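To start, the structure under review is shown below, and the notes come after it.
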Amino acid sequence: MAKAAEQKQKSTVVTEEKKLDIRDVVHTATTYGRRRNDVAMVALRAMCMAVSAVAVTLTVTARETSMTTLYGFEFQLHAVWSLSDSLIYLVVVSSATVLYSLVQLITSGTRLMKRSPVIPTRTQAWFCFIADQIFGYAMVSGGSAALGVTNMNRTGIRHMPLPNFCKSLGFFCDHLAFSVVFSLFAFLLLAASSVLDVLRLSRDR
């Protein structure tokens with residue numbers, strides 16, 4: 001009887017140790033997954049800030065003066081980004097995205113270095129999710145507006161025999177084209193940040 005009781009006590013201890021080991025493994029895996037998501041979030045914030053800053057730089061440096069021929073007459077073309085409301089809108093939303101990403105980068109980077117959660121509460125997770133959505137769609141709308149200006153410079157206005165102004169304003173059109181690409185890339189980065197926000201919200205269910 002004593003041996004049976006001793007064996008039963010040993011098996012109970014082994015079972016409890018296994019339970020503790022499993023808990024340790026789950027805790028370690030959860031901590032590692034959260035840490036990996038936090039690092040990814042900081043990286044996305046840094047990339048979004050850099051990409052949006054490039055979009056702003058490309059747009060505000062889009063200016064050129066050139067000559068073109070239309071119906072045998074030479075005309076001087078002077079293209080400046082500030083003459084287009086669509087390009088002004090792109091600069092505004094891109095600049096706002098730079099500032100937003102900078103604030104998020106400083107905040108999340110500081111928390112990451114302190115080894116605390118980058119998004120500590122559900123309230124902040126909801127705020128980041130909504131803000132990422134707003135700035136993401138703003139970047140898409142700004143890029144789409146700038147794309148319309150670029151296409152009009154290349155194809156002219158429908159039913160009007162205008163030339164391809166981008167042949168004479170290559171520098172201007174190239175800058176606009178690249179700014180559109182970077183604005184859309186910023187949208188993708190903000191969309192990826194939104195996915196991480198959703199993962200943070202799902203952990204508290």
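Select from region 71-91 the residues that are assigned to a loop (DSSP other than H, G, I, E, B) and small (Gly, Ala, Ser) and write down the one among them that is modelled with the highest pLDDT. In this case the residue turns out to be 84.
Selection over region 183-205 of residues that are among the small types (Gly, Ala, Ser), modelled with pLDDT of 85 or more and closer than 13 Å to residue 119 by Cβ gives a count of 2.
Among residues of region 30-68 being open to solvent by less than 70 Å² (accessible area, probe 1.4 Å) and among the hydroxyl-bearing types (Ser, Thr, Tyr), the one that is modelled with the highest pLDDT is 52.
When region 108-131 is filtered for residues that are within 17 Å of residue 40 (Cβ to Cβ), open to solvent by less than 20 Å² (accessible area, probe 1.4 Å), part of a helix (DSSP H, G or I) and not hydroxyl-bearing (Ser, Thr, Tyr), the ones remaining, listed by number, are 109, 125, 128. Taking the criterion of being farther than 21 Å from residue 51 by Cβ and touching a residue at least 60 places away in the same chain (Cβ under 8 Å), the residues of region 117-138 that qualify are 117, 119, 122, 125, 126.
The values are calculated or read from the model by the stated rules, or taken from the named source; none is laboratory data. The shown structure was predicted, so the numbers you read here are calculated from the model rather than taken from an experiment. Please note: Cβ atoms are built from the backbone with ideal geometry, for glycine as well, and neighbour counts cover all protein chains shown. For accessibility, only protein heavy atoms count, side chains too; no ligands or nucleic acids. Shrake-Rupley method; radii C 1.70, N 1.55, O 1.52, S 1.80 Å.
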